[in-house]
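Remarks on the structure that follows.
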Amino acid sequence: MAHTIDVSVVPPPLKVGWSSPQSTGQTVSPLVERKLIPAGPAYLAHVRRAVHKLTFEEHDKHEESKRLANSNGDGANGDHDYGIGDEEEPEELLSLDPKEWKKQDHYAVLGLSHLRYKASDEQIKIAHRKKVLKHHPDKKAGVAGDSNDDAFFKCIQKAMEVLTNAERRRQFDSVDPFYEDLEEDVPTAGQVKNAKDPNAFFFKAFTPVFEREARFSRKQPVPMLGPFDASKEEVEGFYDFWYNFDSWRSFEYLDKEINEGSDSRDDKRYTEKKNKSERARRKKEDTARLRQFVDLALGVDPRIKRIKQEEKDAREAKKKVKTGGVNGLTQKQQLEEAKKKAEEEAKQKEEEEKVARAEAKKAKAAAANAAKKARRAARGDDA
């Protein structure tokens, strides 16, 4: 713990003949109070340390771990090693022919198969440096069994050349063999229908496909499939985006190489024309493939059925509120019907009472006549 020590300071005496300076008569600008707002990386670092209660050493360690995590590495082999470029090198990879460089997987050559198009320029440089240190011909000169190291070293250099050139890397990413194999493996309507839980299977099977295709979009960010309870606007926006998908994918990487030894302009023009035609064909096929997949997703999307049912229920509820909810009659018509029914019941009851009174009167008259006859008969007997 720090201790405070008070030290008494005695100012020296004034010089002999010293006098205070005379006023110049010039006005002094008024004092202006200004508010200083803390900003900058140093202040933000201070705030992070204060909020998380970290020491300088702990904060630096945390930032370093974040930097390494963002690079998909662990930094286990030194400050400049992010744990990339250390993938296993099978014999098939080491025996690549540098002359067939268009057929090689450049990411696999540099040990970046787990990152692929997500690999940053820094990660590519680090992976290349590690591969060069490991496979440089001078380093393994004279070592038995390493006759192909020179060839694989050329493959490494070619991979570096392609992946550090933005245009050529985009061309290679367009026809990346890893993703071309996955494009053939897409879910079908039958698989969704026959699944134990069709709803869960739909999202599990279709989400990664849309995520893969999203890397070709010129417009970013790309809307993803979303959850089952997504709103109608979200679902419509999702399919509207994918039906108007603007892809930057191209197929120049697959162009047939022009014979450099040929001096014939006709041959070169023919090859260029053929390449252009093939690119257009592949682009058209790719667009049709994606459209077909979006059609499939729309056809089996459980949210479409849910939205239609919700709209139907809403229409019925609206109609029920509007009509009062009884046999399609309005409230006014219901009141009129009820009034008419009450009048009919009252009239019927009145008629029944009238008939009952008439029958009672008739019965009374009959009883009176019977009594009168009985009296007459009694007088006749007495006589």
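Scan D138, D173, D150, D185 and give me the residue that is out of contact with any Phe, Trp or Tyr (no Cβ under 9 Å at 6 or more places or on another chain), of a type in the set (D, E) and part of a helix (DSSP H, G or I).
D150
In region 180-218, which residues are farther than 28 Å from R282 by Cα and in contact (Cβ under 8 Å) with a residue 60 or more places away in the chain?
Selection gives V192, K193, P198, N199, F202.
Could you list all residues from region 248-298 that are outside any helix (DSSP H, G or I) and within 25 Å of R169 (Cα to Cα)?
W248, R249, S250, F251, D255, K256, E257, I258, N259, E260 - these are the residues of region 248-298 that are outside any helix (DSSP H, G or I) and within 25 Å of R169 (Cα to Cα).
Please verify whether region 236-247 includes one or more residues that are in contact (Cβ under 8 Å) with a residue 60 or more places away in the chain and either in a loop (DSSP other than H, G, I, E, B) or among the basic types (K, R) (or both).
no
Restricting the search to region 192-206, which residues are exposed (fewer than 13 other Cβ atoms within 10 Å of the Cβ) and either within 22 Å of Y179 (Cβ to Cβ) or not assigned by TED's automatic domain parsing to the domain that holds P302 (or both)?
Pass one, region 192-206, residues exposed (fewer than 13 other Cβ atoms within 10 Å of the Cβ): 193-194, 196-197, 200, 204.
Matches in region 192-206: K204 only.
So which residues in region 297-319 are of a type in the set (A, V, I, L, M) and under 21 Å from the mean Cα position of the chain (by Cα)?
A297, L298, V300, I304, I307
If V294 satisfies every condition in (1) under 60 Å from the mean Cα position of the chain (by Cα); (2) modelled with pLDDT under 90; (3) surrounded by 10 or more Cβ atoms within 10 Å (Cβ to Cβ) but one, which is the exception?
(2)
With V186, V192, V175 as the choices, which residue is at pLDDT 90 or above, under 24 Å from K118 (Cα atoms) and not hydroxyl-bearing (S, T, Y)?
Only one candidate qualifies: V175.
Is it the case that some residue within region 211-229 is farther than 30 Å from R168 by Cβ and hydrophobic (A, V, I, L, M, F, W, C)?
yes
The values are calculated or read from the model by the stated rules, or taken from the named source; none is laboratory data. Bear in mind the structure is a predicted one, so any value in this text is a computation, not a measurement. FYI the Cβ positions are ideal-geometry reconstructions off the backbone, even for glycines, and counts take in every protein chain you see.
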